[in-house]
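The values are calculated or read from the model by the stated rules, or taken from the named source; none is laboratory data. This is a predicted model, so every value here is computed, not measured. When we count neighbours, we look across all protein chains shown, and the Cβ atoms used for this are built from the backbone with ideal geometry, even at glycine.
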Number of protein chains: 2
Amino acid sequence: MESSSTTPGGSARREATRQKLYEAAVTLIAEQGFSATTVDEIAERAGVAKGTVYYNFASKSVLFEELLRHGVGLLTASLREAAERTVREGGTRVDALDAMIRAGLVFIDRYPAFTQLYVAELWRTNRAWNSTLLVVRQQAVAVVEGVLHEGVANGEFSEEIDVPLTAAALVGMVLVAALDWKSFQPGRSLDDVHAALSRLLQGRVSGRR
Amino acid sequence: MESSSTTPGGSARREATRQKLYEAAVTLIAEQGFSATTVDEIAERAGVAKGTVYYNFASKSVLFEELLRHGVGLLTASLREAAERTVREGGTRVDALDAMIRAGLVFIDRYPAFTQLYVAELWRTNRAWNSTLLVVRQQAVAVVEGVLHEGVANGEFSEEIDVPLTAAALVGMVLVAALDWKSFQPGRSLDDVHAALSRLLQGRVSGRR
DNA sequence: CAATTTGAACTGACTGGTCAGTGCAAAAAC
DNA sequence: GTTTTTGCACTGACCAGTCAGTTCAAATTG
């Protein structure tokens, strides 16, 4: 009897090629931007012929869009997992936010190029992949918004907070601080950076000691 | 070659042309990115012949670099002014940070395209104008760092805060929240957005009412 | 077992188009 | 009469996307 034959999603070989192309594309586009990165460069970095890029992806833009979706999927899964685990283990929503900050830092630590690219392309308008970008942005922020909403509902947060704006601000805080960390103080430990952001989150900036 | 600005012979007419080119370039590059924007487009949008672009700027990259410097000069002047005015009028350093948040929002409200472009290009590496970018980034963050340092020195802030990281986080918070505001909730008033960010800054997120 | 067939995956030279930057003579502005 | 702008043709490099041909592992056959 036939085992579960050709899995929907392509052969293992093909999947490996696509993965190599993602990895090549993400660093090049993070460094240079989408338009300045050529398909030839991506193929060369991936150790693959140019035609292979077009065998696996309909176009340069499509490769990029799928890369975005792939990366954001990883990020949101990680954020969601951190928040859920914290709450499940009896933590408060502030604890959950803190756990998400850490999860965000861990992600950025592991995939700095993707983060760079995400920030750089996120607010572009008039681009072909605009709708993808919208979805992909909302996905990440929505996880934070969810925790904020829960906190407001259970009285842990003030009802006066502006959920979407606060979520965006928190995401921005982590993104920019982390990019700065990676770009200008790469020696710092993740715990160190996390501690600094925790302090800011919990308003423990003011006041001596 | 005397390409530097503030040339003795810099006529008012020439300055006006350069200004038109800045304005055309900033919106186009914000929308499309540097590489995807052509010199022909910039010239057309500015209502000027292509040759004029090259009469006024050595190259497309140089035009962009001078544009960056010009815009960041405006931003930092505004931030510095806000902080100094607050302190001069007897405000605390927290008040100064708050005033800088507002000044940042006012700037972004007035020059959204520049802000977009700034964020998009700020963490690019391997680009011709890398050194310019470094200067330009440090300029904006340094103003915030200055206020944090003063606050630590006079005991208003904990000595444990990580000044560079906290400054970057604050800048990120404002940038991302503001871009979100402009992109997705443009109806909101500046005061509204400012209030939400103030609350976050002062740790008044937790706790009922 | 080989030997052969099949087809998905991959290759890289090639094409058609785009674009930064040049050159220059003439007009306009100052 | 000097500076600045115009208009436009031109070049050379670069690049996204194509396509006819190749590879190779697994399936089929004898």
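The condition (being under 18 Å from residue B:65 (Cα atoms), in the same structural domain as residue B:82 (by TED's automatic domain parsing) and among the hydroxyl-bearing types (Ser, Thr, Tyr)) is satisfied by just one residue among B:166, B:132: B:132. Residue A:35: assigned to a loop (DSSP other than H, G, I, E, B), within 13 Å of DNA strand D (Cβ to nearest atom) and surrounded by fewer than 18 Cβ atoms within 10 Å (Cβ to Cβ), yes or no? Answer is yes for this residue.
Yes or no, residue by residue, for (1) more than 9 Å from chain B (Cβ to nearest Cβ); (2) among the small types (Gly, Ala, Ser):
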residue: A:109; (1), (2): yes, no
residue: A:131; (1), (2): yes, yes
residue: A:144; (1), (2): yes, no
residue: A:200; (1), (2): no, no
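Inclusion of residue A:90 among residues that are away from DNA strand D (no atom under 16 Å from the Cβ), at pLDDT 95 or above and within 14 Å of another protein chain (Cβ to nearest Cβ) is not warranted.
Quick one: which residue in A:11, A:78 is within 12 Å of DNA strand C (Cβ to nearest atom) and either surrounded by fewer than 19 Cβ atoms within 10 Å (Cβ to Cβ) or not assigned by TED's automatic domain parsing to the domain that holds residue A:189 (or both)? Only one candidate passes the filter, namely A:11. Quick one: count up the residues across the stretch B:76-129 that are of a type outside the set (D, E, K, R) and in contact with a strand residue (DSSP E or B) (Cβ under 9 Å, 6 or more places away or on another chain). Number satisfying all stated conditions: 2. The criterion of being facing another protein chain (nearest Cβ under 7 Å) and either out of contact with any Cys (no Cβ under 9 Å at 6 or more places or on another chain) or surrounded by fewer than 24 Cβ atoms within 10 Å (Cβ to Cβ) (or both) holds for residue B:179. Assigned to a helix (DSSP H, G or I), farther than 21 Å from residue B:120 by Cα and under 22 Å from the mean Cα position of the chain (by Cα) - does that describe any residue in the stretch A:52-71? The answer is no; no qualifying residue exists.
Screening A:85, A:13, A:45 for residues that are more than 12 Å from every other protein chain (Cβ to nearest Cβ) and more than 15 Å from DNA strand D (Cβ to nearest atom) leaves exactly one candidate, A:85. Of the residues making up the stretch A:179-195, those that are modelled with pLDDT under 95, in contact with a helix residue (DSSP H, G or I) (Cβ under 8 Å, 6 or more places away or on another chain) and part of a helix (DSSP H, G or I) are A:179, A:180, A:181, A:182, A:184. Reported count of residues in the stretch B:20-32, each being within 14 Å of DNA strand D (Cβ to nearest atom) and either at pLDDT below 95 or among the basic types (Lys, Arg) (or both), is 1.
Let's see how each residue does on (1) among the β-branched types (Val, Ile, Thr); (2) touching a Pro at 6+ places or on another chain (Cβ under 7 Å); (3) not in a helix (DSSP H, G or I):
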| residue | (1), (2), (3) |
| --- | --- |
| B:100 | no, no, no |
| B:124 | no, no, yes |
| B:132 | yes, no, no |
| B:141 | yes, no, no |
| B:165 | no, no, no |
| B:172 | no, no, no |
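Going through (1) touching an Asp or Glu at 6+ places or on another chain (Cβ under 9 Å); (2) within 15 Å of residue A:175 (Cα to Cα) one by one, residue A:129 falls short only on (2).
Look at residue A:122 and say whether it is facing chain B (nearest Cβ under 10 Å) and surrounded by 18 or more Cβ atoms within 10 Å (Cβ to Cβ). Yes; evaluated as a whole, the condition is true for this residue.
In the stretch A:148-174, the residues that are more than 20 Å from residue B:181 (Cα to Cα) form no Cβ pair under 6 Å with any partner that is outside any helix (DSSP H, G or I) and of a type in the set (Gly, Ala, Ser), whether six or more places apart or across chains. With respect to the conditions (1) on the phi > 0 side of the Ramachandran plot; (2) within 20 Å of the chain's Cα centre (by Cα), residue B:203 falls short on a single one, namely (2).
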